[in-house]
1. Taking the Cα atoms only, what angle lies between the long axis of helix B:149-171 and the longest principal axis of chain B, rounded to 10 degrees?
2. In peptide B:33-41, how many Cβ atoms from other protein chains are near each Cβ within 10 Å, on average?
3. If the label for residue B:244 sits 7 angstrom from Cα along the Cα-to-Cβ line, what are its distances to the same label in every other copy, in nm to one decimal, shortest first?
4. What order do you get for B:41-47, A:264-270 when each peptide is scored by the mean count of other beta carbon atoms within 10 Å, highest first?
5. Compute the label-point distances linking residue A:65 to its equivalents in the other copies; points lie 7 Å from Cα along Cα→Cβ; give nm, one decimal, shortest first.
6. Which distances, in nm and shortest first, link the residue B:21 label point to the same label point in every other copy, taking 7 Å along Cα→Cβ?
7. Which stretch or stretches of region A:198-232 have amide N atoms under 11 Å from the point lying 7 Å from residue A:186's Cα along the Cα→Cβ direction?
8. Got the relative contact order for chain B handy, in percent, Cα pairs under 8 Å and 6 or more residues apart?
DNA sequence: AATCTGTCTATTGTGGATAAAAGACAAATA
DNA sequence: TATTTGTCTTTTATCCACAATAGACAGATT
């Protein structure tokens with residue numbers, strides 16, 4: 001096969017939710033906007049809705065016939081893009097599985113294991129190489145440099161430089177800047193999660209990313225913002241992998257974030273720097289502890 | 001065709017130079033070491049040498065019959081790897097040609113223009129995207145962000161952070177560290193070029209890269225070192241493109257480098273920082289002046 | 001007049017095929 | 001015994017084909 005129609009399936013599932021809340025669907029371009037896909041895909045979805053007797057479709061009239069049932073949805077594993085599948089599969093291997101530094105990475109083997117073509121694996125590895133965990137020997141294999149202590153130290157060194165600089169930009173933002181509103185929303189979420197920490201501590205990971213990304217964005221520097229991708233992916237998989245004391249660690253980090261947010265609000269560069277430093281220091285410790 | 005044998009051709013040309021200086025060639029593994037290729041390629045070269053009556057080859061005996069002539073070499077354009085060809089071709093388009101920010105980049109068109117398959121172009125674009133000059137819209141085209149003033153400012157902002165940090169590491173290196181020797185060599189070259197600046201100012205570009213890379217390397221941080229790739233490629237093409245006042249600019253930069261080198265030698269962090277800042281400031285000005 | 005739909009074309013994403021290059025292993029040689 | 005060579009296998013780099021998806025344009029509809 002040439003291409004998995006994951007865009008179609010994912011948009012189809014999301015469109016079912018739109019359908020559930022109305023009695024007739026909007027125009028094709030509008031649906032395309034809402035779902036973030038082209039009209040071609042929208043029309044494919046509408047065609048399938050018609051087949052499934054979810055709607056009648058005659059030009060501009062798209063009348064909802066019935067509510068979608070669970071079995072109308074495509075299974076979740078069919079809506080992941082190939083890139084996501086490869087990434088997950090690869091990260092599991094190198095983070096969880098005993099992958100030692102210096103190990104060779106074989107494109108063909110990886111492709112067979114994941115059940116995909118070599119081209120996709122190759123492209124993934126090229127994209128992934130910017131994270132500094134693998135390295136290519138031209139005309140030959142890739143080498144796994146490994147999620148080592150050095151890696152974590154080098155990563156956090158740059159992270160600290162970038163985030164301190166970003167925090168300094170943040171405090172200088174005018175009050176009218178939308179970042180302050182987003183910061184308020186994030187703060188509220190922090191308080192909500194802290195209030196019910198035992199049940200909701202798992203939501204921290206996502207919130208952490210949202211908060212730090214907001215800070216990095218105020219640097220207005222594409223290299224600083226792009227670098228946050230590396231931090232995000234490392235922490236993302238790190239959270240999934242290392243669950244010891246997760247509740248306690250997350251609670252502490254949430255408190256630190258709140259202090260950091262307050263410091264940003266003060267518009268005082270010194271306070272912001274201090275709060276930022278304090279949080280980054282403990283984030284680094286947490287990361288280092290998870291490495292043998 | 002599947003693969004251009006550029007590795008073979010390039011190694012063949014280099015091997016001709018080895019051949020010119022001896023009466024019998026060393027063992028296959030040793031040649032492989034010297035040329036940086038596998039034995040398979042070495043054997044292919046030896047086979048071709050035999051056909052061209054450059055040597056006789058019988059097992060361990062590889063006796064040189066005649067000196068290589070200019071026509072024994074493969075033409076230079078056949079020894080460039082596809083990746084190099086694509087890079088050059090692409091950089092010419094976006095730096096020299098009137099490529100406006102926001103322009104769409106079409107993989108197929110690019111491939112046709114360069115005379116190559118789409119896969120190679122795709123892989124190049126993915127690798128290239130980390131330089132922050134292009135951006136991908138999934139399932140759709142790439143967008144050229146352009147070599148703009150903002151780009152240059154963002155690039156130099158990070159460069160300054162990284163190089164200041166690296167320079168601080170450099171002054172702290174123990175005297176026994178090999179970097180000091182390399183620094184001496186670089187200094188000597190600076191003086192040589194300055195002494196004959198009118199004829200040799202074009203050698204600055206390469207030396208500049210060598211010097212700054214040495215400084216960055218002392219950070220021992222892969223992210224800082226990798227980032228230097230971006231600076232290097234930008235300045236590399238920038239030097240090729242913008243030749244106004246090249247002699248004068250290079251002379252000034254050479255002087256700044258010498259002051260910078262002396263400051264590093266002093267082991268005094270303050271002096272090094274100051275010299276580094278001074279040079280980076282003027283490098284930034286030079287870069288900015290070349291942008292409309 | 002503005003938007004929408006029908007239809008068609010162009011481009012991307014992905015698997016598969018193949019030559020080039022790397023590399024493994026045993027037999028040969030110094 | 002340590003290299004080197006001959007032979008064979010494996011892997012990468014690259015092209016190509018084709019389905020999925022995006023996107024363009026003219027005619028239809030409000």
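1. So the inclination is approximately 80 degrees.
2. Average neighbour count from other chains, rounded to a whole number: 1.
3. 6.2
4. So the peptides B:41-47, A:264-270, ranked by packing, come out B:41-47, A:264-270.
5. Residue A:65 label point versus its equivalents elsewhere: 8.3 nm.
6. 7.4
7. Residues A:207-219 qualify, since their backbone N sits under 11 Å from the label point.
8. 15
No value in this document is a laboratory result; all are computed from the given coordinates. Note that the structure is a prediction, hence the values are computed from the model and not measured. Cβ: placed from backbone, ideal geometry, glycine included. Neighbour counts: every protein chain shown.
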